[in-house]
Amino acid sequence: MFEIHCPYCDEKRPEIEFAYAGEAHIVRPNAQDQGEMSDADWSQYMFIRDNVRGEHCERWWHQHGCNMFFNAVRHTVTDKFVMTYKMGKSRPTAKQIADAKK
Amino acid sequence: MLFDQAIDIPETLKGDAVSVTLMEERARYNLRIKSTDLTEFKKLTGLKLPRKINTSSAAKDVTCLCVGPDEWFVIAEAKSKAKLDKLLAKASNKFVCSVTDISHRNVGFEITGAKASRLINVGCPLDMAIEAFPVGKVTRTIFESAAILLRRTGEESFQIECWRSFGPYLRDFFVRASRDF
């Protein structure tokens with residue numbers, strides 16, 4: 001069974017409890033800017049994603065567990081989870097990712 | 001308590017290795033409250049909500065289960081319902097929180113016997129060893145295709161809560177699975 005570490009439950013849980021929730025660290029434009037944004041800006045925010053080949057920061061939802069969203073770094077080719085971290089933490093640096101792999 | 005659907009499967013399953021019983025009616029609440037308010041909440045209601053995620057606290061007839069960083073279930077004997085209704089209504093006036101009465105949304109099963117953990121592992125991949133899942137530990141998870149709330153009440157006894165509509169499916173599943181033991 002493929003297992004994912006949930007940073008809130010702080011334990012490894014079976015994959016069937018989780019749901020993928022898209023790329024992480026995409027900042028929603030604040031309310032003041034929204035009125036002035038062009039269609040191109042909106043489409044950039046809504047639809048344009050990196051589609052990384054390699055380590056990808058993405059959101060996961062522990063739907064059938066603690067019901068919390070968290071972020072994870074996953075390798076999109078090997079499907080291996082490098083690390084998971086709580087919501088609100090900034091994108092891990094290359095060094096942090098390298099450390100997590102050890 | 002009977003299910004809506006009439007299916008030809010006994011309410012209780014009694015075996016040498018494992019028994020499954022449908023639980024009596026209970027008072028159940030889903031409670032969302034900030035973890036910083038827990039001390040004040042206890043002062044007001046007398047309910048001790050566990051702080052650590054996936055743990056439970058049992059006091060007299062009321063059990064409090066922590067399933068998320070700000071989410072609890074309160075499960076009590078049906079006769080305490082009127083008292084708890086009042087207590088939690090009082091709390092909901094004082095704190096920024098959400099209290100939902102789910103007494104009739106859920107049904108509960110008690111699974112007991114030497115092979116209780118094996119029966120759970122038929123439909124749920126969690127590690128049921130006593131070290132990994134000690135007495136009192138609780139979690140929401142998936143059993144086959146039904147979302148359940150699982151709690152270990154003793155070394156060889158578990159409590160499973162699920163939505164009422166999943167009840168007949170789970171009961172059917174337990175009966176079929178236990179034929180293998």
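The values are calculated or read from the model by the stated rules, or taken from the named source; none is laboratory data. Note that the structure is a prediction, hence the values are computed from the model and not measured. Every residue, glycine as well, gets a Cβ built from its backbone with ideal geometry; the counts of neighbours run over all protein chains shown. Please note that ligands, DNA and RNA were not included when accessible areas were found on the heavy atoms of the full protein model with its side chains. Shrake-Rupley method; radii C 1.70, N 1.55, O 1.52, S 1.80 Å.
Consider region A:9-35 and keep the residues that are part of a helix (DSSP H, G or I) and under 20 Å from A:MET68 (Cβ atoms). The one that is least open to solvent (accessible area, probe 1.4 Å) is A:GLU17. Apart from one condition, B:HIS104 fits all of (1) assigned to a loop (DSSP other than H, G, I, E, B); (2) away from every other protein chain (no Cβ under 14 Å); (3) closer than 28 Å to B:VAL18 by Cβ; (4) over 16 Å from the mean Cα position of the chain (by Cα); the exception is (4). With respect to the conditions (1) open to solvent by less than 80 Å² (accessible area, probe 1.4 Å); (2) touching a Leu at 6+ places or on another chain (Cβ under 9 Å), B:ASP37 lacks only one, and its number is (2).
Reported count of residues in region B:140-168, each being farther than 17 Å from B:ILE102 by Cβ and either under 17 Å from the mean Cα position of the chain (by Cα) or of a type in the set (Asp, Glu) (or both), is 12.
So is A:VAL52 at pLDDT below 95 and away from chain B (no Cβ under 14 Å) or not? It is true that A:VAL52 is at pLDDT below 95 and away from chain B (no Cβ under 14 Å).
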